[in-house]
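One structure is given here, and the rest of the page talks about it.
Read-outs throughout are calculated quantities, based only on the coordinates presented, and are distinct from any laboratory measurement. Keep in mind that this is a model prediction, so the values were computed, not measured. Using ideal geometry, Cβ is built from the backbone for each residue, glycine included, and neighbour counts are taken over all protein chains shown.
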Amino acid sequence: MVDEKQSVIMSSATNGLGADVLFERRSRLEDNGGKVLQSVQFTPLLDGGTEIQNFAFKEPVKIVLRFATDAQGRPVPRTAGMSAAEVRSQGLGVAASGDDVKNLGMYWHNGIEYKKLYGDVDPVENTVTAKTPNLGRFQIRTLLRDSAATFDLSNISSRFVTPNDDGKNDFIIFVFDNPNGADVAGTVFDLRGAKVADMAAGPIPDRKSLQWDGKMNGKAATSGVYVYQIKGDGKTFNGTVVVAR
């Protein structure tokens, strides 16, 4: 779901690509089964034909996927025999089961493997919604959500940031599950341990994301490897990211 602010990338008059950008949506029913309930691919196409490689929005957009349920409201994999209308009505008006729904989440394929995005589950509409700047393959899967805030490398939008304000990789976004609404703080250090910057609140509300723009005191940080530290709900998580200029 692209809002008006983000839609400038779709028009040839404003995107600098010389042609309109269209988005193709294709269900990947062949991937469904077991823990995979729904699989969809979104592909950006230049002038409706040529796939745009390494495409990303400047800011996250909403990705909404719908899952099917059985007559008891239990989520089940969508099959080739189900139409979109049947997916919506499969539960026969029964809201998806709370115990089953709380363990659903969205995954995104980064070109190598699927990474957790978590997302918000609507048991009435049978949807999972997540925010991400990326397109590509997405899945709804069953997953075990921790009762405490959960952070890991799989929830980083990119390991690289290019702080040149060109609209591409201008931020690294850290997304996590935070069912307790715990306070979360993130800090970036250089390899000597000197503080570079505090992370800002990310684009996903309710304390579910942080972001860093690759800058120190408002200016682009020197190219190289940096260490991030995120604290929340009594846990501390560390990792590395790269500034590329």
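With the simple spin-label model, which puts each label point 7 Å out from Cα in the Cβ direction, the R245 to D165 separation comes to 1.5 nm.
Close amide H partners of D70, meaning residues 5 or more places away or on another chain with modelled amide H under 5 Å apart, are V76. Multiplying the residue separation of V225 and E125 by 0.36 nm and subtracting their alpha-carbon distance yields 31.7 nm. Across segment 10-27, computed HN-Hα scalar couplings (Karplus, 6.51 cos²θ - 1.76 cosθ + 1.60, θ = phi - 60°) run 8, 9, 4, 6, 10, 8, x, 9, x, 7, 5, 10, 10, 10, 9, 10, 9, 6 Hz from first to last residue, x flagging Gly and Pro. Rounded to the nearest whole Hz, the Karplus-based 3J(HN,Hα) values (6.51 cos²θ - 1.76 cosθ + 1.60, θ = phi - 60°) of segment 174-183 follow the sequence 9, 10, 8, 7, 9, x, 8, x, 5, 5, with x at glycine and proline. Note on S27 and Q72: the extension gain reaches 13.7 nm, defined as 0.36 nm multiplied by sequence separation minus the Cα-Cα distance.
Let me check against my output: what whole-number percent is the relative contact order of segment 9-59, with C-alpha pairs under 8 Å and at least 6 apart?
Taking the mean separation of contacting Cα pairs over the length of segment 9-59, I get 31 percent.
Taking label positions 7 Å along the Cα-Cβ direction at both D47 and A13, the computed distance is 1.9 nm, reported to one decimal. On full extension, the segment bounded by N238 and T79 gains 53.2 nm, given 0.36 nm per residue less the C-alpha separation.
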